[in-house]
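The block underneath contains the structure these notes are about, expressed in structure tokens.
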Amino acid sequence: MSDTYYSIKKDEDKKGNEIPSFFVSNAVKNVIFTMTGLEVIETKVPDAADVDFISHISGVVLITGSINAMFSLTVAKPMAYLLVSSMTGILPQNLREEELYDGITELVNMISGETRAQMSGRGLHFSTLPPFAIIGDKHFVLHKNKVANLVKKFLVGDKDIYFKVYFL
Amino acid sequence: MDTKKMILSVDDSAIVRKIIRSSVEVLRFELLEASDGMEALTVLEKKCNDIKLILLDWNMPGMNGIDFLKAIKSHSFYKHIPVMMITTESEKESIIKAVQAGVNNYLLKPFKTEELTKKIMESLGKGVFM
């Protein structure tokens, strides 16, 4: 897969429907920095087998329209505390678990919004379904039997964030 | 008659409402909260004389933001209350739709707290702080 572009694999004859990979990267970095003030660095994605190992919370959102896709933002609990505490100014020890889930869900919602905004400049239009969270240690998300079409890894300090795109 | 200074936040995310609360409290307003349009209408019924501004998300389960906006802008008791949309809906068509429905200000998510505070002040107008 190219570093710069990846194709919509759902329908091979839909030529021209491409989302530049950097749109996704920029959206993740910009949304998290704007909402939390934390600097996000993109890093190399490890082997697929390791990707779901750290997961505890995934915020998930579905977009429909020119492209049907699912975005997920996956973090371990310490990262969720860091992100949501930074968003709200509430100390980690005062955050409730459901506030972590809500915060991560809201972040993926904003990332999808930012990606959609960039794509609308290419004549591709979407609507979004209400986002939701998937919770549990070492969970993973599949569409039918497929893993994600695009996996990106980011670091805030030494903590991981995974962002995945699945084409439906 | 003692008039309170209140702002109504309508957003299905409790975390977003908490972020909004911090900005609103800096401005010495009281924040009322609702998680969708129907709940917001109930709050409005009770507090419409005290609410100086409505901060409104677009995508919410139940009654969404644009339907709520249309409902209040066609209601003689509520239509004077300014409304600021706070949403991820950034497409030009969406903004036009909101403007045509009567929105007074528009803030895209993600936003910085300072930007939110500035937009709230802008939407309230100078008179409210006197």
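Every number in this text was worked out from the coordinates using simple rules, so none of it is lab data. Because the structure is a prediction, the values reported are computed rather than measured. Neighbour counts run over all protein chains shown; Cβ positions are idealised from the backbone, glycine included.
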At a 10 Å Cβ-Cβ cut-off, how would you order B:28, A:116, fewest neighbours first? B:28, A:116
Can you give the calculated 222 nm mean residue ellipticity of the protein assembly as shown, where each DSSP H run of n ≥ 4 adds -39,500 (n - 2.57) and the sum is split over every residue, rounded to the nearest 500 deg cm²/dmol? -11500 deg cm²/dmol
Determine the alpha carbon to alpha carbon distance for each of A:77/B:46; A:153/B:119; B:52/B:112; A:77/B:92; A:152/B:118; A:159/B:92 and list only those over 30 Å. A:77/B:46; A:153/B:119; A:77/B:92; A:152/B:118; A:159/B:92
What translational D, rounded to a whole number of µm²/s, comes out for the protein assembly as shown from Stokes-Einstein when the hydrodynamic radius is the Kirkwood one over Cα pairs, at 10 °C and 1.306 mPa s? 79 µm²/s
What FRET efficiency, computed as 1/(1 + (r/R0)^6) with R0 = 41 Å and r the Cβ-Cβ distance, is obtained for residue A:146 and residue B:42, rounded to the nearest 0.05? 0.40
Cα centre as origin, Lys/Arg/Asp/Glu Cβ charges: segment B:1-123 dipole, Debye: 340 debye
Percent of alpha-carbon pairs separated by more than 13 Å within segment A:99-151: 70 percent
So for segment B:63-130, taking the charge dipole from beta-carbon charges (+1 Lys/Arg, -1 Asp/Glu), which of B:64, B:87, B:117 sits furthest toward the positive end? B:117
Counting partner chain Cβ atoms within 10 Å of every residue's Cβ in B:15-22, what's the average? 6
Using the Karplus equation 6.51 cos²θ - 1.76 cosθ + 1.60 (θ = phi - 60°), what ³J(HN,Hα) coupling, rounded to whole Hz, does each residue of segment B:99-105 give in order, writing x for Gly and Pro? 4, 5, 7, x, 5, 9, 7
